[in-house]
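What follows is a single structure, written as structure tokens, with notes after it.
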Amino acid sequence: MSLFWAMVIVALAFVLAFETDALESGIAAGEPSQSEIILTYVVELATIAIIPLALRLFKFKSIETDLKHRHETALQKWGILRLLMMGLVLHTNTLLYYVYMNTSFGYLAIMTALCLPFVHPSESKCMAEAYMNEEEDQAV
């Protein structure tokens, strides 16, 4: 839970620092270079891949089995991984937006921020995800 809020606070701190000119924004802005174009493609593809992966992480068979057998420890391990995946994408896109002032990075950061609540580790959600597999097995 604290990791979730730490990621949100760090992203907001980046925005606040750049918007108040504590950090200089647009230091690499201007005519797009070849490296910026390649970086844009790589980050776009990574974002498009990581967000659905993080959202569906608990549906993979091996992770589902791990959650079924080790409950809380597995939930903590995979939940942290899922949050770190989303946080990495959010912070990368936020920083790249302010470095290049390229709206693609800004839109990707907004899209990631909108998806972040879906991996919010509330206690009731975690317990439901940890034990839903047991109920499905008993029903079959």
Unmet criterion (only one of (1) touching a residue at least 24 places away in the same chain (Cβ under 8 Å); (2) among the charged types (D, E, K, R); (3) part of a loop (DSSP other than H, G, I, E, B)) for Glu36: (3)
Residue that is hydrophobic (A, V, I, L, M, F, W, C), exposed (fewer than 13 other Cβ atoms within 10 Å of the Cβ) and either touching a Leu at 6+ places or on another chain (Cβ under 8 Å) or in a helix (DSSP H, G or I) (or both), where the choices are Ala74, Ala54, Ala49: Ala49
Qualifying positions in the range 1-33 - in contact (Cβ under 8 Å) with a residue 12 or more places away in the chain and within 17 Å of Met85 (Cα to Cα): Met1, Leu3, Phe4, Met7, Val8, Val10, Ala11
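Table: residues versus (1) in contact with a helix residue (DSSP H, G or I) (Cβ under 6 Å, 6 or more places away or on another chain); (2) surrounded by 11 or more Cβ atoms within 10 Å (Cβ to Cβ); (3) of a type outside the set (A, V, I, L, M).
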residue: Leu12; (1), (2), (3): no, yes, no
residue: Pro32; (1), (2), (3): no, yes, yes
residue: Leu45; (1), (2), (3): no, no, no
residue: Phe58; (1), (2), (3): yes, yes, yes
residue: Lys61; (1), (2), (3): no, no, yes
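Here, each number is a calculation from the coordinates, and none is a lab measurement. Remember, it's a predicted structure, so these values are computed and weren't measured experimentally. Note: ideal-geometry Cβ built from the backbone for every residue, glycine included; neighbour counts use all protein chains shown.
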